[in-house]
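**Q** Please read through the structure below; I'll follow up with questions.
The values are calculated or read from the model by the stated rules, or taken from the named source; none is laboratory data. Values in this document were obtained by computation on a predicted structure and should not be read as measured data. Backbone-built Cβ (ideal geometry, glycine too); neighbour counts: all protein chains shown.
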Amino acid sequence: MMKPRCILHIGMPKTGTSSIQETLYKEKEIGNGEYLKIGPVSNHSTIIYSLFAKRPELHHAHIAAQRTKNQVEEFVKYHKEQLGGILSLTQSRQYIISGEDILFLQEEELLELRSYLLQFSSEISVVAYVRPPISFMQSAFQQKIKEGDLKFGIAGFYPQYKNRFEKFDRVFGQDNVSLIKFHPDSLLAGDVVCDFCNRIGISIESKNISRENESISLEAIAFLFMFYKFGRDIGCVASLQNHKRAQELSTFGVRKFQYSKLLSDQIRTKIADDIQWMENRLACSLSESIVENENGISSEEDLIAVAFENRDNLAVFMSKICIEPMATPQDIADVVGRLGQYSSKPVFSHAQLLRLESPLVDLPNIIKELVLSLGRAGQTKAVNNILCKTSDLNNCLNKSLSTDGNIPFSVYLKKRLLSIRWIRQVKRIKDILNSKADHNKSLNTDCNISYSLDRYHDGYFMGWLVDNNNPLRKLSIEIRQAQRVIARGVANQFRQDLADVEIGDGCCAFVIKADLDWKNDESKLLLRVVDCEQEFEINTISN
């Protein structure tokens, strides 16, 4: 069979890349093509970068997840096996890999990526959208402000066209690298998702297009800047709490964030040679219509001024909180910092609450959920303190269960959590602890199974399986061929990628040895969930 064509979509950042990824990942059928499902997330950046970079542990996703070098090595090993299995089994005429971080691979790393992909592909076509410099820098600055990352400053996001794109021409050949100007006039129907799909020959209905990373107002950006510049106890960059804070401010303000003409002209002059290189490569102009207006931002001081001008509006927006007069930058930062504390959204995610409300949840998993939620909220000090006290918690737990005279574990846990205002969640946990009837409920309740059989390799089936009605339950599975059980195991192994997107508690993967008979004419395989008496047909698998 002829090898498929590889479409390698590399961004650039801030060109609707997330919308392309989310749209194609969610589509079950995209006609003449296949969007690779490498792991449980739509963006392939972390996986592809990790597989081919010389030092994958330096990728921002691994740093944010606090993975050790050994854990990163395990991440690379697992996903390289998974990617190889997926590519060897694909029957589509073309497949799509999308990740803007591929742009940051060095030339020798791209050569390795090219060599790897050509094992499975007839050809490789690289696609990227190129955003004009000022538009790109404004959008990149806004995104970093939402994440709480100020290290590059207001004018520090140069597009670096030549440095990022010239290496692709050398590695893949310029004829195989399509660069398209990111502007409504250059895109089909003015939409990057429609344009990308049209260029690679697949169709998508407009109602199915996802919109990601929507912009926020100048006023919201000014207040977020004040918080991250002057606030106390900020937490880590790109934490869940930072995301929630930006989301709450998304309805605040009406003015559009943009650089002043003065700053824009200074930037274009400074990087004129780089702009000229990209214009020659695109064979079109990257000029932008930049007019002077009173809202244009030239410096960080301008953002501070916008924040002070809108103090009264912020007070109205935050009227549910009793606040002091905002006379200093620190005062404004403190007020903005309260957004996350008074969010109408629950402190725990929906998936976590389902696990905590399960009648089968045990006490060690309750502690684990609390620590996970603290970590996602960026409360690293609290997480480290709890981990240091693990032995104390275990001792308290053992005493509480064995001796009536000692303090109950639920009371101990409540005292531990009062300082971070989780009283509602503590009450919910206490109700679970006191509900012995629920704990005695039959294990054979109705199941709502989600699963993925990722691949078969070297005599082992690999994948994951979870009961959505009881995500902490560890399910026993069998794989049958022609009524013969060829593999048995339990879906209870930990995978970081599953934990990151809250599939169960992350401990729902399996790697089980199988006695697969390749000579058997009966190719149909069945995955049986023993606990629920449910069966699922598996597509024929090649070795």
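**Q** Quick test for you: out of Ser264, Ser287, pick the one residue that is surrounded by fewer than 17 Cβ atoms within 10 Å (Cβ to Cβ), touching a residue at least 12 places away in the same chain (Cβ under 8 Å) and hydroxyl-bearing (Ser, Thr, Tyr).
**A** Only one candidate passes the filter, namely Ser287.
**Q** Note down all Cβ pairs under 9 Å where the first residue falls in segment 299-311 and is over 12 Å from Ile221 (Cβ atoms), the second is small (Gly, Ala, Ser) and part of a helix (DSSP H, G or I), and they're at least six residues apart or on different chains.
**A** Within 9 Å, the pairs are Ala305/Ala222; Phe308/Ala222; Glu309/Ala222.
**Q** I'm checking my understanding of the structure. Among residues of segment 55-79 that are hydrophobic (A, V, I, L, M, F, W, C) and not in a loop (DSSP other than H, G, I, E, B), which one is modelled with the lowest pLDDT?
**A** As a first pass, look at segment 55-79 and keep what is hydrophobic (A, V, I, L, M, F, W, C): 58, 61, 63-65, 72, 75-76.
Next, from what is left, pick out any that are not in a loop (DSSP other than H, G, I, E, B): 58, 61, 63-64, 72, 75-76.
Numbers: Leu58: 92, Ala61: 87, Ile63: 84, Ala64: 75, Val72: 94, Phe75: 93, Val76: 95.
Filtering segment 55-79 for residues that are hydrophobic (A, V, I, L, M, F, W, C) and not in a loop (DSSP other than H, G, I, E, B), the one modelled with the lowest pLDDT comes out as Ala64.
**Q** Do we find that Ser210 is among the polar types (S, T, N, Q), outside any helix (DSSP H, G or I), in contact with an Asp or Glu (Cβ under 9 Å, 6 or more places away or on another chain) and touching a residue at least 12 places away in the same chain (Cβ under 8 Å) in this structure?
**A** So Ser210 passes the test.
**Q** Here is a further query. With respect to Ser178, is the statement that it is surrounded by fewer than 18 Cβ atoms within 10 Å (Cβ to Cβ), at pLDDT below 95 and within 30 Å of Glu123 (Cβ to Cβ) true?
**A** No: the conditions fail for Ser178.
**Q** Same structure, new question: Would you confirm, using the coordinates I've provided, whether Ser98 is small (Gly, Ala, Ser), over 28 Å from Arg495 (Cα atoms) and surrounded by 18 or more Cβ atoms within 10 Å (Cβ to Cβ)?
**A** No: the conditions fail for Ser98.
**Q** For segment 290-383, please list each of the helices (runs of 4 or more DSSP H) lying entirely inside it that holds at least 3 residues being buried (at least 19 other Cβ atoms within 10 Å of the Cβ) and either at pLDDT below 75 or in the same structural domain as Phe257 (by TED's automatic domain parsing) (or both).
**A** Those helices (runs of 4 or more DSSP H) span 300-309, 329-341, 363-376.
**Q** Here is a further query. Given the conditions (1) touching a Leu at 6+ places or on another chain (Cβ under 7 Å); (2) at pLDDT below 80; (3) of a type in the set (A, V, I, L, M), and given that Ala509 satisfies all but one, which numbered condition is not satisfied?
**A** (2)
**Q** Still on this structure, please answer the following. Can you tell me which residue is nearest to Glu309 (Cα to Cα) among those in segment 267-284 that are in contact (Cβ under 8 Å) with a residue 24 or more places away in the chain and in a loop (DSSP other than H, G, I, E, B)?
**A** Here the answer is Ile271.
**Q** Filter segment 147-168 for residues that are crowded, with 16+ Cβ neighbours inside 10 Å and aromatic (Phe, Trp, Tyr) and give the result.
**A** Matches in segment 147-168: Phe157, Tyr158, Tyr161, Phe165, Phe168.
**Q** Answer with yes or no whether Gln106 is polar (S, T, N, Q), surrounded by fewer than 18 Cβ atoms within 10 Å (Cβ to Cβ) and over 20 Å from Glu22 (Cβ atoms). Step through it out loud before you land on a result.
**A** On the way: polar (S, T, N, Q): yes; surrounded by fewer than 18 Cβ atoms within 10 Å (Cβ to Cβ): yes; over 20 Å from Glu22 (Cβ atoms): yes.
Yes.
**Q** Could you look through segment 241-261, keep only residues that are among the aromatic types (Phe, Trp, Tyr) and not in a strand (DSSP E or B), and pick out the one that is surrounded by the most Cβ atoms within 10 Å (Cβ to Cβ)?
**A** Per the stated criteria, the residue is Phe257.
**Q** Considering only residues that are within 21 Å of the chain's Cα centre (by Cα) and buried (at least 20 other Cβ atoms within 10 Å of the Cβ), look in segment 80-92 and name the one that is nearest to Arg455 (Cα to Cα).
**A** Within segment 80-92, the match that is nearest to Arg455 (Cα to Cα) is Gln82.
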